[in-house]
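The values are calculated or read from the model by the stated rules, or taken from the named source; none is laboratory data. Model, not experiment: these values are computed from the prediction. Glycine gets a Cβ as well: all are built from the backbone with ideal geometry, and neighbour counts include every protein chain shown.
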Amino acid sequence: MSRKLLASANAREMGMNVVLQTSVLVLNRFWQPVHTCSVRRAMKLLCVGHAQVVQTEGAERFYAHDFDSWLEHSSDYQGEDVIHSIRLAVRAPRIIVLAIYDKVPRTEVKFTRRNVFSRDGHICQYCSKALPEKLLNLDHVIPRDKGGKTTWENIVTSCIRCNTRKANKLPHEAQMFPLHPPRTPRWRPMFGDMNPADFDESWSHFVDPSPDGVKMSA
């Protein structure tokens, strides 16, 4: 195989891996969002009949497809997020609905470093810079040695520079105040291991519903 063909094959394989790792919104059988999974996992659930794919556009928006129906639907799709096998080409799903799972969505968000970053949009709450996780840290608004607790209401995302600058000072002492008062967030599928960049606009109907739509959690 020539270097050009080998490079092309490697590029296709890398692209396939990216598609298979993309996040999919998972709905329970009552069409409530409960978590996310990878495209790879979603396709396994679809193939064994444990889930259906929710169509996200067109005249049949919200139609639930089984594997055969989704395969037929994929035949006219021209996008890049397609899973190829030797014989088949299937569009990667963005939303699936489970056939029998009826547990309700979680109402509390686990307090973790990554979830604090997600709540704050990966933005330092002191200098307003959006940064990758490796350049971010957690800051106690009220320092621990002054009675501050490690809770949602007292922890914000900060860059390492601002964290060092504020040190163990109170906000008024350092003249550094969070952009937004830290609060306990409502649960959303992006809290957890999902890359926020994977959030798809098609999820908005379920994740951020209108007052007349589906209520996701208390």
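State whether one or more residues within the range 171-180 are at pLDDT 90 or above and among the polar types (S, T, N, Q).
Quick first cut of the range 171-180, residues at pLDDT 90 or above only: 171-180.
Going one step further and asking which of them are among the polar types (S, T, N, Q), we end up with 175.
Yes, the range 171-180 contains a residue that is at pLDDT 90 or above and among the polar types (S, T, N, Q).
For the range 57-83, residues that are within 23 Å of residue 21 (Cβ to Cβ) and not charged (D, E, K, R) total 11.
So which residues in the range 74-88 are under 25 Å from the mean Cα position of the chain (by Cα) and not β-branched (Val, Ile, Thr)? Let's see the steps before the verdict.
Here is the first cut: in the range 74-88, the ones under 25 Å from the mean Cα position of the chain (by Cα) are 74, 77-84.
74, 77, 78, 79, 80, 81, 84, listed by residue number.
Looking for something in contact with a Phe, Trp or Tyr (Cβ under 7 Å, 6 or more places away or on another chain) and either modelled with pLDDT of 95 or more or in a strand (DSSP E or B) (or both) - is there at least one such residue anywhere in the range 134-148? Give the derivation first.
Residues of the range 134-148 that are in contact with a Phe, Trp or Tyr (Cβ under 7 Å, 6 or more places away or on another chain), as a first pass: 136.
Narrowing further to those that are either modelled with pLDDT of 95 or more or in a strand (DSSP E or B) (or both): 136.
Yes - at least one qualifying residue is present in the range 134-148.
Taking the range 17-32 as the range and being outside any loop (DSSP other than H, G, I, E, B), modelled with pLDDT of 85 or more and polar (S, T, N, Q) as the test, the residues that pass are 21, 23. Could you tell me whether the range 188-200 includes any residue that is loosely packed, with under 13 Cβ neighbours inside 10 Å and either over 16 Å from the mean Cα position of the chain (by Cα) or modelled with pLDDT of 85 or more (or both)? For the range 188-200, residues loosely packed, with under 13 Cβ neighbours inside 10 Å and either over 16 Å from the mean Cα position of the chain (by Cα) or modelled with pLDDT of 85 or more (or both): absent.
Just to be sure, is residue 35 within 23 Å of residue 205 (Cβ to Cβ) and modelled with pLDDT under 85?
Working: within 23 Å of residue 205 (Cβ to Cβ): yes; modelled with pLDDT under 85: yes.
When the stated conditions are applied, residue 35 passes them.
Condition first: surrounded by fewer than 10 Cβ atoms within 10 Å (Cβ to Cβ) and of a type in the set (Ser, Thr, Tyr). Now tell me which residues in the range 76-107 satisfy that. Residue satisfying the conditions is 85 alone.
Residues in the range 151-173 that are touching a residue at least 24 places away in the same chain (Cβ under 8 Å) and either of a type in the set (S, T, N, Q) or closer than 22 Å to residue 109 by Cβ (or both): 151, 152, 153, 154, 155, 156, 157, 158, 163, 168.
Report yes if residue 146 is loosely packed, with under 15 Cβ neighbours inside 10 Å, more than 27 Å from residue 18 (Cβ to Cβ), basic (Lys, Arg) and touching a Leu at 6+ places or on another chain (Cβ under 7 Å), otherwise no. In short, yes.
Scan the range 42-61 for residues that are part of a loop (DSSP other than H, G, I, E, B) and touching a residue at least 40 places away in the same chain (Cβ under 8 Å) and jot them down. Give the derivation first.
Here is the first cut: in the range 42-61, the residues part of a loop (DSSP other than H, G, I, E, B) are 48-50, 55-61.
49, 50, 56, 57 - these are the residues of the range 42-61 that are part of a loop (DSSP other than H, G, I, E, B) and touching a residue at least 40 places away in the same chain (Cβ under 8 Å).
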